[in-house]
1. For segment 169-189, which positions are open to solvent by 30 Å² or more (accessible area, probe 1.4 Å) and in contact with a Ser or Thr (Cβ under 6 Å, 6 or more places away or on another chain)?
2. Give the residues of segment 206-235 that are open to solvent by less than 30 Å² (accessible area, probe 1.4 Å) and in contact with a Phe, Trp or Tyr (Cβ under 7 Å, 6 or more places away or on another chain), sorted by residue number.
3. Quick check on my filter: what residues within segment 282-341 are open to solvent by 40 Å² or more (accessible area, probe 1.4 Å) and in a loop (DSSP other than H, G, I, E, B)?
4. So which residues in segment 139-168 are surrounded by 15 or more Cβ atoms within 10 Å (Cβ to Cβ) and on the phi > 0 side of the Ramachandran plot?
5. Please name all residue pairs, on different chains or six or more residues apart, with Cβ atoms under 9 Å, provided the first residue is in segment 196-212 and is under 17 Å from PHE288 (Cα atoms) and the second residue is modelled with pLDDT under 90 and exposed (fewer than 11 other Cβ atoms within 10 Å of the Cβ).
6. So which of SER44, SER69, SER88, SER58 is polar (S, T, N, Q), in contact (Cβ under 8 Å) with a residue 60 or more places away in the chain and outside any helix (DSSP H, G or I)?
7. Within segment 139-172, how many residues turn out to be farther than 15 Å from SER129 by Cα and without any contact (Cβ under 8 Å) to a residue 60 or more places away in the chain?
8. Kindly indicate whether THR217 is closer than 16 Å to GLY48 by Cα, part of a loop (DSSP other than H, G, I, E, B) and either at pLDDT 85 or above or among the aliphatic types (A, V, I, L, M) (or both).
Amino acid sequence: MTQKIEDADIRLLEEMGYKQELYRGFSPFMSFAFCFTAVNVLASISIGFTYSLTTGGSGVTIWAWVIGSLFTILIGLSLAEICSVYPSAGSVYHWAGQLVPVKHAPLASFICGWFNFLGNFAGDVAFASGFATIVNAAIIMGGNDSLNIGAQVGIGIGITFVWAVQNALRIDQQGWLNNFAVFFQLGSAITIVVVLFSMAPERATARDVFTSTYNGTGFSFPYVCVISILSTLFSFSGYEAGAHLAEETRGASRAAPKGIVGTCICSAITGFVYLLALLFSIPDINNFIMNNSGDNSTQSFTTDAYQAAVPYAGALALTILLIINLYFAGMSSLTVTTRIGAWLNDRVSPAVARLSRLIGAVTNLTMETAEDLQMSDVEFGGATIFLAVDGHIVPKKRSAVFWYNMFASGEGIILTGLSNSID
């Protein structure tokens, strides 16, 4: 059955002018898990909560979430329908080129691709910065001084490097990590919501949560209502992640669209419940913001809300759950950014077609025969000769050899490391 699905995926790519290049290691659930982890509303709401409270207060925050969620689901349904027809690695910028007249396709793909890349790159930066901020909040909660800006920047750069290294894992191995991250995120959300609802010493009324406002921006209130929705839109960024990995997903024309829609709906519900728990644990927004500003703050209203609801040890435990979720969110977000690309071939790009013809005229090789040559054993010649020991090594497919020159004492000269291999 799996082989039949993969054959259908390959045929669909060929109909779009693509050759299967990437390893299809994602199952349908992994596609959903990847989307859901990349969005991770528990993490994204938490790092945007300070902005939300100061830009509209409780009432504006909750209604911005409701309205933003509904429209995001509608857009997600539209993207899912397109993804079911064009399940390619290029994702949204490939779709842009397919859905406009041919003469406008390069410009449409160029604009969409760069906006998509820059948006995802900004999301990676936000998760790295948010990770550093929440780690710093945990340090402050432990009774220590706040880290300086340089140290926080260092943490952000360091965790980004870790995500980049982890991104080198094979896609199905990343998929299992994302499967775990889904259940961890849901478990964390349930734990935090239950703790905040059950242990907060004081609670806001429903009227306060849904109608009270706060404007700390200096702008007019109508304008504040408009910009307050930015936090919601940021929280949902990444729901199209499964589309970027469609070429690496089995049964992509069905699995990737389902992952997009499922992520939008599940994230909307999870985020709504989490926001309610945070807002109900703050009985008076004005006093809360005043009491948690300056030296009294952990620099995150989310962790301040945890502290107001539960004793120190409990608040620190919730913060640690949040840090782990931020780690998983950034991990998936960076993978999304690295997948914003598509394989160009002769049928897709006239420039590539001209280059292929030029290479063919000079070398008498095509893309297919060059690939076969690269991945084959060497039948004659190509050996590496070692005169001093009267020996040689013949290259073999998928093998490598590494050696050092040596001093007379037998000690290896580290700076002279050499290698030879055939991939």
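The values are calculated or read from the model by the stated rules, or taken from the named source; none is laboratory data. As the structure is a prediction and not an experimental result, all values here were calculated from the model. We place every Cβ from the backbone using ideal geometry, glycine too, and count neighbours over all the protein chains shown. All accessible areas refer to the heavy atoms of the entire protein, side chains included, with ligands and DNA or RNA removed. Shrake-Rupley method; radii C 1.70, N 1.55, O 1.52, S 1.80 Å.
1. Correct list: empty.
2. So the first thing to find is which residues in segment 206-235 are open to solvent by less than 30 Å² (accessible area, probe 1.4 Å), and the list is 209, 224, 227-228, 231-232, 235.
Within segment 206-235, VAL209, SER231, THR232 meet the criteria.
3. Scanning segment 282-341 gives PRO283, ASP284, SER293, GLN299, PRO311, ARG339.
4. none
5. none
6. Among SER44, SER69, SER88, SER58, only SER88 is polar (S, T, N, Q), in contact (Cβ under 8 Å) with a residue 60 or more places away in the chain and outside any helix (DSSP H, G or I).
7. 7
8. Criteria met by THR217.
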